[in-house]
1. Extension gain residue 183-residue 78, at 0.36 nm per residue separation less the Cα-Cα distance, in nm?
2. Report the full-extension gain for the segment residue 138 to residue 58: residue separation times 0.36 nm, less the Cα-Cα distance, to one decimal in nm.
3. Find out how many positive minus negative residues lie around residue 113, taking Lys and Arg as positive, Asp and Glu as negative, among other residues whose Cβ is under 11 Å from that of residue 113.
4. Where the centroid of each part is defined by its Cα atoms, how far is region 51-101 from region 226-284 in Å?
5. Under a Cβ-Cβ cut-off of 12 Å, what is the net charge of the residues other than residue 103 that fall near it, where Lys and Arg count +1 and Asp and Glu count -1?
6. So, by mean Cβ neighbours within 10 angstrom, what's the order for 181-192, 319-330, 304-315, 108-119 with the highest one leading?
7. Which GluC sites (Glu not before Pro) in region 254-355 pass both tests, a DSSP loop state and at most 15 other beta-carbon atoms within 10 Å?
8. What length, rounded to one decimal in nm, is gained on full extension from residue 239 through to residue 341, with 0.36 nm per residue of separation minus their alpha-carbon distance?
Amino acid sequence: MAGEADNPADQKSGRTLWLLFSVSLISAFIIGCVLLLVRQYRGDGASAVIEKPTEIIAEAITLMRAKALKGERSDWPEIQSIANQIAHNNGGEREGDLDTALRYLVSKLEDGHSSYLSRAEVQALLAPATAAPGKPASIADAATVQRYAMIATHGFSGLDPATELAAAQYLRALLNESVGRSNCGLLMDLRANSGGNMYPMLSGLLPLLPEGLMLSFKSGKGVSSLVSRRGGEIWVEGERITAALESAPSAPVLPIHIAVLTGPQTGSSGEMVALAFKGRAKTRFFGLPTAGVTSANQPFPLRHGGIFNLATSMTLDRSGKPHPGPIQPDELIEAAAAQKSAEQAAAAWLDKSCK
């Protein structure tokens, strides 16, 4: 579990870091931490040289062995030797070669979800929005299938808190409008949701979910963290992650029946959103199995300003059932006809349910 430290203050800081980054969440809290790292190890100008790359590689392997779900393997010394060679490919201590070496290390976890962000990639994510947030339509759009509204929620990423809030508000407003057109049933399309930051997605859709536990994460050491709805807010254990969307109030009449559409592009945080609806009454899944990237990730800033995003926890739905692989639909639709047939099957189920 992240945040294991020598004193209570460090433990609380580390735990907050994990909470805010779980499932690839990048939040305002960590921006200052990462900026501090960038300034400390980079300075004001970009440097192509990294000091002591072998030490960074050794620290990275120690992290993976201690924290990653699949960090235990017997050939780490051999892997470390190869990574050191990669880091010195050009006879010097070049940052690009270190990046390649660290990506090689992550690939050896073979969990399909862990990743490495270079210092340049971290800085790009930290860059402020170039324009004031308005309609972040990339998070979702709406359509109509027969007589039912369908909300397609896409992947969403970014570090700017104002953009995150605007995305959640936009999705909530889209939900409110859609519910006004069909309040017995709703299609929730997650087929193109490849992940990112799950909390603007969940916050926008929160009125559709029951009060209480939505899903939970369980680390390799058996430590659990519960993600819950408390009124209009999302909480993880004792930490409030999102505030209520006061500027976009919940729809007064909510759909009773929800058809969730999934497919192989539903991945990572998109799968977390799907799992939040698992076990919800009067909810049925249609389509194809998801990507199976259902682990929860935790960030580990490295000394040079890069970040390891390691899969450290498995995800459980509200009933406590673990989902170590693809989420299976209730009604499997063959791939050749999946796009329209899944929508038609979902609409047929809503027709039957809404009689």
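1. On the way: separation 105, 0.36 × 105 = 37.80 nm, distance 5.92 nm.
Using 0.36 nm per residue and subtracting the Cα-Cα distance, I get 31.9 nm.
2. Taking 0.36 nm per residue and subtracting the Cα distance, the gain is 24.9 nm.
3. Details: positive: 70; negative: 110, 111, 271.
After counting each charged neighbour, the total is -2.
4. Result: 38 Å between the Cα centres.
5. Summing Lys and Arg as +1 and Asp and Glu as -1 gives -2.
6. On the way: 181-192: 21.6, 319-330: 14.7, 304-315: 23.9, 108-119: 19.5.
Most protected by this proxy first, the peptides run 304-315, 181-192, 108-119, 319-330.
7. On the way: sites: 271, 331, 334, 343; in loops: 334.
In loop regions of region 254-355 (DSSP not H, G, I, E or B), the sparsely surrounded GluC sites (Glu not before Pro) are 334.
8. Details: separation 102, 0.36 × 102 = 36.72 nm, distance 4.14 nm.
Working it through step by step, the gained length comes to 32.6 nm.
Each reported figure results from applying straightforward, stated rules to the coordinates on display, with no laboratory input. Keep in mind it's a predicted model, so treat the numbers as computed, not measured. Counting neighbours? That spans all protein chains shown, and the Cβs are built from the backbone with ideal geometry, glycine included.
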